[in-house]
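> Below is the structure I would like to discuss, written out as structure tokens.
A short reminder: the numbers here are calculations on the coordinates, not readings from a lab. Since this is a predicted model, take the numbers as computed values, not measurements. Positions of Cβ are backbone-derived with ideal geometry, glycine not excepted, and every protein chain shown enters the neighbour counts.
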Amino acid sequence: MKRSEVDPKYTWDLSYLYKDNNEWYKDYNKFCKYKGVFKKYQGRLNNVDTLIEYFEKNKECDLLVTRLYMYVANNLNTDLSNKDYNEMMGQLVSTSSLINEEDSFVESELLSYSDDYLKSLIKEPRLKNHRFYLKDLMKDKAHVLSEKEEKLLSGVSNFAGDSGDVFDSLTDVDFKFADVKDSNNKKHTLTQATYSLLMRSTDRVLRKNAYTTYFTKYKDFNNTIFTNYYSNLKADNFYSKVRHHKSRFDAALYNENISPKLYYKLKEKVNENIPLINRYYQLRKKALKLDVLTNYDNSVRICGDFDKKYTYTDAQDIVLKALQPLGDDYIDLIKLAFNQRWIDVYPTENKLSGGYENCGYNCRPVILLNFVGVVNDVFTLGHELGHAMHSYKADHAQPYETHDYTIFLAEIASTFNEILINKYLLDHATTSDERLYFLDKYVKLFVGTIFAQMEYSEFEEYAHDLVNKNLPISKEILNSYWSELEKKYFSVTEPDDLKQYFWSVIPHFYRSFYVYKYATGLISAVALSTMVLEGGKPELDRYFHMLESGGSDYSTNILKRAGVDLTTDTPYDMAFKQLKNAIDEMEKIIDKK
């Protein structure tokens, strides 16, 4: 579909930012004048008045570039071939890089000053909006190097941090897969984009051929991917040691003020509940009437035909009704998003695939969708609106300096909405197959977001520990350990020779110790949604306070005030009780078939 054919009410409105490109360029020219501005503050931040002046100038610059970015990036994503927007984006990125480089001295300079001076800044009334930043900065003092060393380290990172890019180029660009045949000998195109679709096919021959062809490619490049990943492990270990951390694991937790106790509690509770997942896979095996459950049977649906289609109006209606437990004010905000055209709905020529929410301080959140009417599109709408409401509430409750929430909190509001939507669709299911579909969808959310991510995290622990302790490491060692994890987490599934290479598929391993946050996010969302649904106004108020807190405190402190302490058993027990209930009901439905 061409963009010109879409009714404007189904496109986002970015004209409130800039009426046209000419108006954008007027602000861009203002932004260019910040080149050289921050250099004059270098070496002078030991004066409170000068520091305050710097912070104000930095804020002005950030607000301006945010507005410029929101306009050009989102316009570009609706037409990736647009010459004007590509040129504008290139100019903005180039100028931003120059200004950011000139501004990079601030943290190391502040940390070069005495503790007494930093403590005086924290007490300074005029810097109250910067208080949390300054406290966090002071915490890092032991791990920040001298200005000269930081500059050297920055130079090293230019050639030592490319493993993720190499992986992406290899697997997304260079990998070419042969076509795969189904049971009727018909050929199907296999790519990174089509693999997951083929694995959901009801044709088992097609699934097997897709699985075998896909993982054989990773087997063939096992040595290359291992060598690249080993480089990433060594670089991470180097940076962590240089910054006086015991390991990359310690550095990752320290940087976000996450207690190791939290991580190990997550690991303990997930491992404790692995039998639930074994029960689930036994049910899949029974529902699919299979003697052996293989790795290519784990994505196909188990509920017969369920191809219900939804219009965008249907999706809006479901979201508004499903999220009613969050109250009228929340619903009114969602209606505002619909009425002010925050959302770009339909796929069009050269539009970015997938979906996202984008936001900036003093800017409306915007949501990109590619709505085609499948049930996942309904969930995506609710998910991205969760992000948008989180951003909106944080931006309106917090000053600029503390509005931005962390990755640790980022997926809670979005997944919270998905949980409520799933509950609504379950409650309104008209057949046992439809109900089974949404129960299965809910359980798979746990499998993919909690159990699989914890498996990934255990693999990361092992790989990083080998490098940190100078122990032998090879592709065979990593392949073998992954096979052990598969037996531990997914013992019902028949092992095969190809699954040992699955670790080499995961791009997240190039962002070390990131994936466990998916698990904590879902645990938190299930616990919070349970408290809100079973509680009353106090529980809802605490949840909204979490959304409004932005980045004003450490993430775990914000969560604790909402009622979730991830160092205790309580949130995990609440979440896994919901999982058990869903599996129990699935079993009853399947037993009746």
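> Where does each of 531-540, 473-482 land if you order them by average Cβ count within 10 Å, highest first?
473-482, 531-540
> Still on this structure: Compute, for the stretch 3-160, the length of the dipole vector about the Cα centre, with Cβ point charges of +1 (Lys, Arg) and -1 (Asp, Glu) only. Units Debye, rounded to 20.
Charge dipole of the stretch 3-160: 420 debye, to the nearest 20.
> Among the listed pairs 217/475; 441/577; 186/441; 35/57, which are separated by more than 18 Å between their Cα atoms?
Numbers: 217/475 15 Å; 441/577 16 Å; 186/441 29 Å; 35/57 12 Å.
From the list (217/475; 441/577; 186/441; 35/57), the Cα-Cα distance tops 18 Å for 186/441.
> Neighbour counts of other C-beta atoms within 10 Å: give me 565, 591 arranged from fewest to most.
Going from least to most buried by this count: 591, 565.
> Could you work out [θ]222 nm for the chain from helices alone, using -39500 (n - 2.57) per DSSP H run of at least four and dividing by all its residues? Round to the nearest 500 deg cm²/dmol.
-20000 deg cm²/dmol
> Using r as the Cβ-Cβ distance of residue 37 and residue 329, and R0 as 45 Å, what FRET efficiency do you calculate, to the nearest 0.05?
0.65
> Which whole-Hz couplings ³J(HN,Hα) result when phi for each residue of the stretch 49-58 is put into the Karplus expression 6.51 cos²θ - 1.76 cosθ + 1.60, θ = phi - 60°, listed in order with x for Gly and Pro?
4, 5, 5, 4, 4, 4, 4, 5, 5, 5
> For the stretch 570-579, just list the computed ³J(HN,Hα) in residue order, Karplus coefficients 6.51, -1.76 and 1.60, θ = phi - 60°, integers in Hz, with x standing in for Gly and Pro.
Per-residue couplings from phi come out as 3, x, 5, 5, 4, 5, 6, 5, 4, 4 Hz.
> What is the helix-to-structure angle for 432-446, meaning the angle in degrees between its Cα long axis and the longest Cα principal axis of the chain, kept from 0 to 90 and rounded to the nearest 10?
The helix 432-446 is inclined about 40 degrees to the chain.
> At 0.36 nm per residue, and after removing the present C-alpha to C-alpha distance, how many nm does the segment from residue 173 to residue 573 gain when stretched out fully?
Stretched fully, the residue 173-residue 573 segment lengthens by 139.7 nm.
> Right, something else. Name the residue farthest towards the positive end of the dipole of the stretch 3-160 from the options 155, 75, 129, assuming +1 on Cβ of Lys and Arg, -1 on Cβ of Asp and Glu, about the Cα centre.
129
> Ok, one more. So what's the net charge close to residue 531: Lys and Arg +1, Asp and Glu -1, counting the other residues with Cβ under 9 Å from its Cβ?
-1
> Same structure, new question: Using the Cα centre of the chain as origin and beta-carbon charges of +1 (Lys, Arg) and -1 (Asp, Glu), tell me which of 215, 405, 38 is placed farthest towards the positive end of the dipole.
Result: 215, furthest along the dipole toward the positive end.
> Next up: How do 149, 587, 458 rank when sorted from fewest to most other Cβ atoms within 10 Å of their own Cβ?
With the sparsest Cβ surroundings first, the list reads 149, 587, 458.
> Give the aspartates and glutamates whose C-alpha is closer than 12 Å to that of residue 592, dropping any in the same chain fewer than 8 places away, or say none.
Output for residue 592: 433.
> With a sphere of radius 11 Å drawn around the Cβ of residue 404, what net charge do the other residues whose Cβ falls strictly inside it have (Lys, Arg +1; Asp, Glu -1)?
Its environment carries a net charge of -3.
> With charges only on Cβ, +1 for K and R and -1 for D and E, what is the dipole size of the stretch 502-574 about its Cα centre, in debye, rounded to 20?
Using Cβ point charges on Lys, Arg, Asp and Glu, the stretch 502-574 gives about 260 debye.
> Moving on to the next point. Do any of 119/246; 265/285; 286/580; 59/234; 308/335; 286/308 go past 29 Å between their Cα atoms, and which?
The pairs that break the limit, which is 29 Å between Cα atoms, are 265/285; 59/234.
> Would you mind ranking 449, 95, 415 so that the residue whose beta carbon has the fewest other beta carbons within 10 Å leads the list?
95, 449, 415
> Mind checking the dipole of the chain: about its Cα centre, +1 per Lys or Arg Cβ, -1 per Asp or Glu Cβ, Debye to the nearest 20?
620
> Note the angle between two axes, namely the Cα long axis of helix 83-102 and the longest principal axis of the Cα atoms of the chain, as a number of degrees from 0 to 90, rounded to the nearest 10.
Tilt relative to the chain: about 50 degrees.
> Among the aspartates and glutamates, which fall within straight-line cross-link reach of residue 128, defined as a Cα-Cα distance under 15 Å, with same-chain neighbours fewer than 8 residues apart omitted?
49, 53, 56, 136, 401, 553
> Nearest 10 degrees, 0 to 90: what angle lies between the long axis of helix 375-397 and the longest principal axis of the chain (Cα atoms)?
Value to nearest ten degrees: 20.
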